[in-house]
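Please treat every number below as a calculation from the coordinates, not as lab data. A quick note: this is a predicted structure, and the numbers were derived from the prediction, not measured. Note that each Cβ is placed from the backbone with ideal geometry, even for glycine, and that neighbours are counted across all protein chains shown.
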Amino acid sequence: MKIAFKLFASLSDYLPAGSRDNRIELDVEEGVTVGELIRRYQVPERSAHLVLVNGIFIPPAQRLRHRLKPGDEVAVWPPIAGG
Amino acid sequence: MGWNRKILRVDLTKGICSEEPLNMQWAQEYLGSRGLATKYLVSEIDPKVDPLSPDNKMIMATGPLTGTMASTGGRYTVVTKGPLTGAIACSNSGGFFGAEMKFAGWDMIVFEGRSPKPVYLYVENDRAELRDAAHLWGRSCWETEETIKHELQDPLVRISSIGRAGENGVHYACIVNDLHRAAGRSGVGAVMGSKNLKAVALRGTRGVSGIRDFGEFMQATTAAKKVLADNAVTGQGLPKYGTQVLMNVINEIGALPTRNHRDVQFEDANKISAEAMHEKRPTDGKPHLVTNAACFGCTIACGRISEIDKGHFTVKNSPKYWGASGGLEYEAAWALGAANGVGDLEALQYANLLCNEQGMDPISFGATVGAAMELYEMGVLTKEQIGLDAPFGSAEALARLAEMTATGEGFGRELGLGSKRLCTKYGHPELSMSVKGQEFPAYDSRGIQGMGLAYATSNRGACHLRGYTVASEVLGIPVKTDPHVTEGKAELVKAFQDATAVFDSAGICVFTSFAWTLADVQPQIAAACDGDWSMDRLNEVGERIWNMERQFNNAAGFTAKDDNLPPRLTSEPARTGPAKGMVNQLDKMLPEYYQVRGWTPEGVPTAETLARLGL
């Protein structure tokens with residue numbers, strides 16, 4: 001199934017070749033969890049601070065249980081803030 | 001105790017500068033800076049005064065930690081009655097000006113009356129005098145700063161000034177210090193302009209004395225700095241990416257107000273983000289961002305210094321804008337960009353430079369342009385009226401309107417009065433995206449419910465810096481709450497509002513609160529100041545300041561009806577993103593908020609609340 005994977009700020013270094021504007025479309029197997037996806041691209045767990053699926057926050061404890069669906073947009077940030 | 005114990009009173013009408021002792025009883029009750037200056041203001045002016053009349057006063061104030069070795073201890077506050085809102089105006093700024101006031105031996109400067117001719121105040125330690133500013137009137141903040149430094153032959157003099165926006169009465173004019181730091185919101189620069197006061201130039205060589213226990217203070221400030229350094233947000237995220245890193249976050253959660261809040265997501269958000277600031281431009285191969293920068297005593301250094309593309313249409317014939325300068329920050333990038341649908345980073349920086357140069361708030365300016373663009377697209381405003389085509393997304397219109405507003409040319413005069421007056425004049429007051437006349441910052445409250453309550457109840461009109469629940473609702477600081485629910489938000493908003501009043505009044509930057517809680521601030525204040533500065537006491541001081549500001553606004557004529565949001569946010573559901581279908585449910589939160597505050601259902605502090613807080 002196809003999903004979008006987005007890594008921002010310092011995490012953009014972990015995006016595979018072919019990504020553009022902090023985003024890449026990926027073909028992944030059914031049932032993959034958001035936590036597995038983050039591990040697959042070797043994003044350090046402590047750096048994956050803000051994890052959103054379709055804009056909704058996924059708490060750390062749920063990341064290895066939250067299964068992705070076709071068309072999902074996964075976005076990840078390190079600890080950041082602004083104002 | 002972190003105080004010089006004296007204030008400077010400047011009677012501009014008579015041209016007299018005089019020294020007074022600082023009211024130390026009030027310093028115990030209101031801490032400093034925002035709280036203490038507001039206490040002075042509300043004690044000295046009629047709440048119904050015309051903000052631009054000589055009867056209004058304007059106070060520049062430091063806090064007990066300003067000028068000390070506390071991290072970020074460089075803040076100063078400008079307190080007055082604001083022309084944009086008619087409410088209390090309280091804008092604070094970093095840079096180096098606040099610390100210099102302390103070094104010169106003053107805690108606060110109170111300006112009253114109106115000078116018969118343009119003047120600037122020069123202070124060198126004990127010496128304070130008003131000087132002729134005829135040659136500075138009509139000049140920008142940048143020219144003013146350069147000219148005064150040259151005249152005084154002193155590159156270390158610190159200057160706050162107004163540009164042409166403040167002289168022309170732009171209702172959201174700023175006071176700019178150190179070239180690109182600003183007391184930005186609510187039009188404090190217009191008040192300064194109405195007093196014919198062009199600038200304040202300070203030179204202090206005395207350092208800060210009077211710390212209660214210096215050894216204890218060293219320990220407390222060192223420990224607190226370690227907290228900032230060890231925290232991933234204040235130690236790494238903010239210095240590397242600045243505030244603008246929020247652009248993609250807020251867009252992703254569907255709360256990035258776009259095209260005057262018609263939309264909640266901007267298709268070009270990534271083009272105006274912190275990530276884009278780091279990317280090399282195809283035109284000249286250079287990234288926009290040159291370096292980060294810190295204000296006095298700051299160990300975070302979130303500030304951005306960038307360089308515009310010299311070949312861009314906005315500056316190709318204006319070399320004066322080619323050097324490295326301040327910006328972009330998140331709020332400015334949003335207000336000049338997403339708020340009016342412009343995704344051209346260089347155009348945003350150009351408009352931002354004009355805001356810094358001529359002293360105007362990019363948030364209110366950008367949001368007012370957004371309102372004008374909507375009126376233009378509706379056919380209410382025409383090309384002939386505006387003087388140019390102004391559809392959403394036009395970088396050319398943004399740049400030209402910034403020039404016109406900054407210099408008071410043509411339709412820029414109307415834009416300079418803010419979106420509320422503009423939209424009311426043209427028959428659509430509902431299209432002003434504002435509260436109490438002040439434009440929203442960069443968070444759409446349909447997708448972040450608590451911010452709707454924070455905006456509606458902010459004492460200076462719509463503002464993110466009175467109660468930044470985004471920290472909790474989006475970023476999980478100090479704990480994550482659900483941005484889509486209303487439950488618990490009344491308590492959350494109150495807690496943020498009261499704590500922020502303490503941070504502001506101490507003389508430190510509110511960005512420390514991404515890592516510090518009041519428990520980190522308390523030992524620093526307790527070591528610096530005489531008296532009981534327990535956590536309970538600080539919480540009480542924060543609540544007292546909030547209620548004092550509220551009482552001023554109530555006396556100025558504001559009522560519960562003004563604790564409101566534009567109908568677009570409470571009746572037009574978000575069209576895309578995770579908040580799709582949602583409106584802000586202010587009606588659910590507001591009654592609970594009044595209750596939590598100890599106010600009547602009409603939004604008035606009860607006698608019991610006032611007695612408890614000693615008001």
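Each of residue B:595 and residue B:26 was given a label point 7 Å from its Cα along the Cα-to-Cβ line. The distance between the two points is 3.7 nm. Charged side chains reduced to their Cβ positions (Lys and Arg at +1, Asp and Glu at -1) give region A:2-77 a dipole of some 180 debye around its Cα centre.
In units of the compact-protein estimate 2.2 N^0.38 Å, region A:2-77 shows a Cα radius of gyration of 0.97. Per residue, the convex hull spanned by the alpha carbons of region B:112-247 comes to 164 Å³. For a test of the definition: using alpha carbon positions, the gyration tensor, and the 1.5 limit on a/c, classify region B:516-615 as rounded, prolate or oblate. It is oblate, given that a/c is not under 1.5 and a/b is not larger than b/c. Over region B:1-151, the ratio between the Cα radius of gyration and 2.2 N^0.38 Å evaluates to 1.03. Among the listed pairs B:310/B:425; B:81/B:425; B:198/B:320; B:383/B:561; B:6/B:225, those whose Cα-Cα separation exceeds 27 Å are B:310/B:425; B:383/B:561; B:6/B:225.
Report, in whole Å, the centroid distance computed from the Cα atoms of region A:1-62 and region B:141-217. Answer, in whole Å: 46. Modelled this way, with points 7 Å down the Cα-to-C-beta line, the labels at residue B:226 and residue A:61 are 3.1 nm from one another. The distance separating the Cα centre of region B:83-126 from that of region B:422-445 comes to 29 Å.
Looking at region A:2-77 alone, DSSP beta bridges between its own residues are antiparallel in about 75 percent of cases. Per-residue extension of 0.36 nm, minus the Cα-Cα distance of residue B:532 and residue B:608, leaves a gain of 25.0 nm for this segment. Mind checking which lysines have their Cα closer than 21 Å to the Cα of residue A:69? Skip sequence neighbours fewer than 8 apart in that chain. Of all the lysines, those that pass the test against residue A:69 - Cα under 21 Å, at least 8 places apart if same chain - are A:2, A:6, B:580.
Within region B:246-274, whose backbone N sits under 13 Å from a point 7 Å along Cα→Cβ of residue B:580? Label zone hits: B:254, B:264-265. Rounded to the nearest whole Hz, the Karplus-based 3J(HN,Hα) values (6.51 cos²θ - 1.76 cosθ + 1.60, θ = phi - 60°) of region B:400-411 follow the sequence 5, 5, 5, 4, 5, 6, 5, 10, x, 9, x, 5, with x at glycine and proline. Here chain B is described by how far its Cα atoms reach on the three principal axes: 59, 56, 47 Å, from widest to narrowest. Assuming R0 = 25 Å, can you tell me the calculated FRET efficiency for the pair residue B:383 and residue B:424, based on Cβ-Cβ distance, to the nearest 0.05? My answer for the efficiency is 0.70. Taken along the Cα-to-beta-carbon direction at a fixed 7 Å, the label points for residue B:46 and residue B:152 span 3.6 nm. Overall form of region B:443-484: oblate. Here a/c, set by the Cα gyration tensor axes a ≥ b ≥ c, is 1.5 or more, and a/b is not larger than b/c. Each other residue within a Cβ distance under 14 Å of residue A:48 adds +1 if Lys or Arg and -1 if Asp or Glu, for a net charge of +2. Here region B:547-592 yields Rg over Rh of 1.14, to two decimals, using C-alpha coordinates and the Kirkwood radius.
Phi angles of region B:504-514 translate, via the Karplus equation with coefficients 6.51, -1.76, 1.60 and θ = phi - 60°, into HN-Hα couplings of 4, 6, 6, x, 10, 7, 5, 5, 4, 6, 6 Hz per residue; Gly and Pro are given as x.
Ranking of A:80, B:175 by neighbouring Cβ atoms within 10 Å, starting from the fewest: A:80, B:175. Our Cα-only numbers for region B:341-415 put the radius of gyration and Dmax at 11.2, 32 Å.
Using a Förster distance of 51 Å, how high is the FRET efficiency between residue B:135 and residue B:281, based on the Cβ-Cβ distance and rounded to 0.05? Efficiency at R0 = 51 Å is approximately 0.85. Shown here is the pair-distance distribution of the protein assembly as shown: with all Cα-Cα distances grouped in 10 Å bins from zero up to the longest one, the shares run 3, 16, 27, 28, 18, 6, 1, 0 percent.
The dipole here belongs to chain B: it is taken about the Cα centre, uses +1 on the Cβ of Lys and Arg and -1 on the Cβ of Asp and Glu, and is about 480 debye.
Between the residues A:57, A:33, A:5, the greatest Cα displacement towards the positive end of the dipole of region A:2-77, with unit charges on the Cβ of Lys, Arg, Asp and Glu, is found for A:57.
Taking each DSSP H run with n ≥ 4 as -39500 (n - 2.57) and averaging over every residue of the protein assembly as shown yields -10000 deg cm²/dmol at 222 nm. Where does the Debye-calculated log10 I(q)/I(0) of region B:224-270 sit at q = 0.23, 0.32 Å⁻¹, using only Cα point scatterers of equal weight, no solvent? Scattering profile of region B:224-270, log10 relative to I(0): -0.75, -1.05.
Note on region B:332-373 and region B:533-571: Cα centroid distance 28 Å, given to the nearest whole angstrom.
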